[in-house]
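Input: a single structure, listed below in structure tokens.
Please treat every number below as a calculation from the coordinates, not as lab data. Being a predicted model, the structure only gives us computed values, none of them experimental. So basically every Cβ, Gly included, is an ideal-geometry build from the backbone, and we count neighbours across all protein chains shown.
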Amino acid sequence: MLGRQLAAARRAKGFSQAGLAAALKMHEETVASIEQGRRALKQDIAELFDDFLDTKGTLAAGVANLPEVDQFPLWAEEYIEQERQAIALSWYDALVVPGLLQTAGYVRALLGNRVPAYDTDELETKIAGRVERRAILHRKEPPTLSFVIWEPALLWPTGGPEIHCEQLRFLWECSQLPFVSLQVLPLSRPHHAGDAGPFALLESPDHQHLAYTESQRGSQWVSDPDEVSILARKYAMLRTQALTIEDSRRLLNRLLGDL
């Protein structure tokens, strides 16, 4: 909204993005990214624009009264809301423990080493948000949860020995819950159906079937029935390729014993 207001004020004064940037001795890309919503408008820059474009403090007031920045982008908020309400969830992860099963220490180790780094306040907000998602495990009527985790996610000592041990112990505890199925996809498996990356399948209270996939620079919802079906078939195959629930617990016990 603020970006569009800036663009309207710029055009009203007869400036191009390049012209405004040159007049204020800033990069044209800075103006473009603010107008397109890719870069947040900061208070000092808003005041500079207000003075130059004669917008009577409108942009600065907008910045000062913005609601608190969302801790998750829109697509992630939608996923979290669907996750919170789901009656069934199936999750395959390859390099990290699934978010719903992460301890606070593990989350801090993961997010604290993000590149580029979060600032302190944002980091604490995101850690709290991740941990709060575990409330799904304590719902009065919990969902049916199935997890398949590739073995490297359990071997990687994220955060060091203590956090690693705590995380493995929490996984073992979760595996005892009657509504949770936790299976490990072993490294000894020469091939598997999850080589294209992690994904989750959800069933909503009105029995809508959805999927969610993740990548390095973004994630996406999958609602097309044909595409959801493909991922559901991949997940079914992964469950047959993974260790049984009992053997997966024994593997966790062995890993805990080695620490």
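Here are some notes:
- Structure-based [θ]222 nm, the chain - -39500 (n - 2.57) summed over DSSP H runs of at least 4, per residue, nearest 500: -15000 deg cm²/dmol
- Estimated vicinal HN-Hα couplings, Hz - segment 182-189 in sequence order (Karplus 6.51, -1.76, 1.60; Gly, Pro = x): 10, 10, 9, 8, x, 5, 6, 5
- Fraction of alpha-carbon pairs over 21 Å apart in segment 2-64 - percent: 6
- Using θ = phi - 60° and Karplus 6.51 cos²θ - 1.76 cosθ + 1.60, couplings along segment 195-202 (whole Hz; Gly, Pro as x): 6, 8, x, x, 6, 9, 10, 10
- Under the criterion of Cα pairs below 8 Å and six or more residues apart, the relative contact order for segment 74-258 equals 28 percent.
- With a simple spin-label model that places each label point 7 Å from the Cα along the Cα-to-Cβ direction, the separation between residue 216 and residue 84 comes to 3.2 nm.
- Rh by Kirkwood over Cα pairs, then Stokes-Einstein D for segment 1-123 at 0.890 mPa s and 25 °C, µm²/s: 139
- Note on the chain: Lys pairs 8 or more places apart or on different chains, Cα atoms under 26 Å apart, count 8.
- Cut-off 15 Å (backbone N to label point 7 Å along Cα→Cβ of residue 121), residues of segment 1-43: 40-43
- Residue 236-residue 188 pseudo-label distance in nm [points 7 Å out on the Cα-to-Cβ vector]: 2.7
- J(HN,Hα) series, segment 10-19, from Karplus relation 6.51 cos²θ - 1.76 cosθ + 1.60, nearest Hz, glycine and proline x: 4, 5, 4, 8, x, 9, 7, 4, 5, x
- Between residue 30 and residue 204, the modelled label-to-label distance comes to 4.3 nm, taking each label 7 Å out from Cα in the direction of the beta carbon.
- Fraction of alpha-carbon pairs over 34 Å apart in the chain - percent: 35
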